[in-house]
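The structure under discussion appears below in the form of structure tokens.
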Amino acid sequence: MKLLVGVKRVIDYAVKIRVRPDNLGVVTENVKMSMNPFDEIAVEECVRLKEKGVAKEVVAVTIGPKPSSEILRTALAMGADRAIHVEVADGSTVEPLAVAKVLRALVAKEQPSAVLLGKQAIDDDANQTAQILAGLLRWPQAAFASKIAVAQDKASADIVREIDGGLETVSVKLPAVMSVDLRLNEPRYVTLPNLMKARKKALETVTPDSLGVDITPRLEILRVEEPAKRIGGRKVESVDDLVHKLKNEAKVI
Ligand code: AMP
């Protein structure tokens, strides 16, 4: 079976985000960019399924500007077989609906048995793409997977999902869309020799136009603000002191 895995280039999780002076976005110039952490987990799972002999081919896809090809090289170094870069102009916004439409076009071309995505991209925190894609394709979906077990006949998969207060196991018929959660696995480190080897793997570049997809944004960002600064905590001497302060200073009880 073939697996398609979506990877997004985002600001590295360790970078301190700064809001742009025009309050319409965040500063992305001269900032370290990396593969979205949840997407690393999705790639790792695909590679493990290949190593177990469940999957035959893993195809990594990204939709983004020219430098996004770097994260495809990372996916290839982790073990993906080939990659597709859907290149868009620098600075263009690609909303989850547009990403899902592009992925739908690639699904039509590639005919995978499953599409694995991260549960959310840590830049916009949308948590929408997998769900929209499943809707567009009319495929079953299993979001927030913390365990994926493909049946022997590869006609279905059992997925453990992290839900409020516990775990839920669902069975989906394949083909299906899955979004992966933090505890599914621990992605491997990319080694330099593997990065070098990855240079020999196929990386195809296409455009949304060539796939017949219009990526024009539907949303307008009105304002982006920094979160309110946290006020430092205080120590209290006793429970009585705490109750007194909650009553008279914070006025919350
Ligand atoms: P989101 O719905 O934006 O939170 O993203 C959820 C997941 O969809 C991500 O973790 C990726 O797997 C995938 N995805 C989102 N945007 C892109 C993109 N531009 N290129 C490839 N995959 C993407």
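Can you list the strands (runs of 3 or more DSSP E) found entirely within region 93-208 that contain at least 1 residues being surrounded by fewer than 17 Cβ atoms within 10 Å (Cβ to Cβ)?
Details: elements: 114-118, 141-150, 156-163, 166-173, 176-180, 203-206.
Counting at least 1 such residues, we get 141-150, 156-163, 166-173, 203-206.
Starting from residues that are more than 11 Å from the ligand (Cβ to nearest atom) and within 18 Å of the chain's Cα centre (by Cα), keep the ones in region 48-62 and report whichever is surrounded by the most Cβ atoms within 10 Å (Cβ to Cβ). Spell out how you get there, then give the answer.
We begin by selecting, within region 48-62, every residue more than 11 Å from the ligand (Cβ to nearest atom); these are 48-59.
With within 18 Å of the chain's Cα centre (by Cα) added as a condition, the list becomes 48, 58-59.
Details: ARG48: 18, VAL58: 26, VAL59: 21.
Looking at residues that are more than 11 Å from the ligand (Cβ to nearest atom) and within 18 Å of the chain's Cα centre (by Cα), I get VAL58.
Which of the residues spanning region 62-102 are among the hydroxyl-bearing types (Ser, Thr, Tyr) and modelled with pLDDT of 95 or more? Don't jump to the end; show me each part of the working.
We begin by selecting, within region 62-102, every residue among the hydroxyl-bearing types (Ser, Thr, Tyr); these are 62, 68-69, 74, 92-93.
Result: THR62, SER68, SER69, THR74.
List every residue pair whose Cβ atoms lie under 8 Å apart, where the two residues are 6 or more positions apart in sequence or sit on different chains, the first residue falls within region 46-70 and is acidic (Asp, Glu), and the second residue, located anywhere, is part of a loop (DSSP other than H, G, I, E, B) and modelled with pLDDT of 95 or more.
Partner pairs satisfying both residue conditions: GLU51/GLY79; GLU57/ASP81.
Report, ordered by the first and then the second residue, all pairs with beta carbons closer than 8 Å, sequence separation of six or more or different chains, a first member in region 155-177 that is farther than 16 Å from VAL115 by Cα and in contact (Cβ under 8 Å) with a residue 24 or more places away in the chain, and a second member that is of a type outside the set (Asp, Glu) and in a strand (DSSP E or B).
VAL170/ALA142; VAL170/ILE159; VAL170/ARG161
Between a first residue in region 115-130 that is of a type in the set (Gly, Ala, Ser) and a second residue that is part of a loop (DSSP other than H, G, I, E, B) and near the ligand (Cβ under 6 Å from one of its atoms), which pairs have beta carbons less than 6 Å apart while being 6 or more apart in sequence or on different chains?
Here the result reads GLY118/ASN36; ALA121/LYS8; ALA121/ASN36, each pair linking region 115-130 to a residue that is part of a loop (DSSP other than H, G, I, E, B) and near the ligand (Cβ under 6 Å from one of its atoms).
Considering only residues that are free of Cβ contacts under 8 Å to residues at least 24 places away in the same chain and of a type outside the set (Ser, Thr, Tyr), look in region 178-213 and name the one that is nearest to LYS66 (Cα to Cα).
Step one: of region 178-213, the residues free of Cβ contacts under 8 Å to residues at least 24 places away in the same chain are 189, 192-193, 196, 200, 209-210.
Checking the rest, the ones that are also of a type outside the set (Ser, Thr, Tyr) come to 192-193, 196, 200, 209.
Values: LEU192: 22, PRO193: 24, MET196: 20, LYS200: 19, ASP209: 16 Å.
Top of the filtered list is ASP209.
Please go through (1) surrounded by fewer than 21 Cβ atoms within 10 Å (Cβ to Cβ); (2) within 10 Å of the ligand (Cβ to nearest atom); (3) of a type outside the set (A, V, I, L, M) for HIS85 and return the number of the only condition it doesn't satisfy.
(1)
Out of region 210-240, which residues are over 30 Å from ARG18 (Cα atoms) and surrounded by 10 or more Cβ atoms within 10 Å (Cβ to Cβ)?
Selection gives SER210, LEU211, GLY212, VAL213, VAL236.
From (1) in contact (Cβ under 8 Å) with a residue 24 or more places away in the chain; (2) surrounded by 11 or more Cβ atoms within 10 Å (Cβ to Cβ), pick out the condition that doesn't hold for VAL243.
(1)
Restricting the search to region 2-47, which residues are away from the ligand (no atom under 16 Å from the Cβ) and either buried (at least 18 other Cβ atoms within 10 Å of the Cβ) or of a type in the set (Asp, Glu) (or both)?
Those that are away from the ligand (no atom under 16 Å from the Cβ) and either buried (at least 18 other Cβ atoms within 10 Å of the Cβ) or of a type in the set (Asp, Glu) (or both): ASP22, GLU29.
The values are calculated or read from the model by the stated rules, or taken from the named source; none is laboratory data. Note that the structure is predicted; figures quoted are calculated from it, not measured. Positions of Cβ are backbone-derived with ideal geometry, glycine not excepted, and every protein chain shown enters the neighbour counts.
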